[in-house]
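K.L.:
What follows is a structure written as structure tokens; I'll ask about it next.
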Amino acid sequence: MMKRKKFIQTLSSVAITIPSLGFLHSCSGIYYATAKEEVDKITIAKHEFILEKNNKVSKREFVLIQNNKYRFPICLYKVGEDYIASLLKCTHRGCELNVGGGIYSCPCHGSQFSNEGTVLQGPAEQKLKTFPTKTDDENIYILFS
Ligand code: FES
């Protein structure tokens, strides 16, 4: 009888935990921007960096971009007036990197990279693959050439 009660308690805690994880994810600042992918570039509207929430306007530090060219997302980070586009593939053994706290961190063996792609902590030794970017009044372009 105690086992059944314990089982029901466990199920209740799982049912409560799953929506909570979704809430945490939405608060983590991870945002996949709408982007237009072409053979030689990806176009992202600058307004993708504007965050409107509860009638308050703020700016995102970065957005993520899914793409067909690479198996990994690209992170577009705004650093000062520049935009730095990095492939979120660890240069150690190829795990997908996490973004947070102004750095990229690898869940596999602990490498860390700056938001400009340089190695902050090994075992990775090579900087991240980055892409040139350019801007005009409305858009940011990530160039594949
Ligand atoms: S794959 Fe990233 S640290 Fe090993």
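No lab work stands behind these numbers, since they all come straight from the coordinates. Quick caveat: nothing in here was measured; it's all calculated off a predicted structure. Note that we place each Cβ from the backbone using ideal geometry, even for glycine, and neighbour counts take in every protein chain shown.
K.L.:
Using the per-residue mean of other Cβ atoms lying within 10 Å as a proxy for protection, in what order, highest first, do the peptides 82-89, 64-71, 47-54, 97-104 fall?
P.N.:
Listed from highest to lowest mean packing, they are 82-89, 97-104, 64-71, 47-54.
K.L.:
Can you give me the orientation-averaged projected area of the convex hull built on the Cα atoms of region 31-143, in nm²?
P.N.:
7.4 nm²
K.L.:
Set the bar at 25 Å for Cα to Cα. Now go through LYS46/LYS69; LYS69/LYS129; LYS56/LYS78; LYS59/LYS127; LYS56/LYS134 and name every pair that lies beyond it.
P.N.:
Where the Cα-Cα span goes over 25 Å, the pairs concerned are LYS59/LYS127; LYS56/LYS134.
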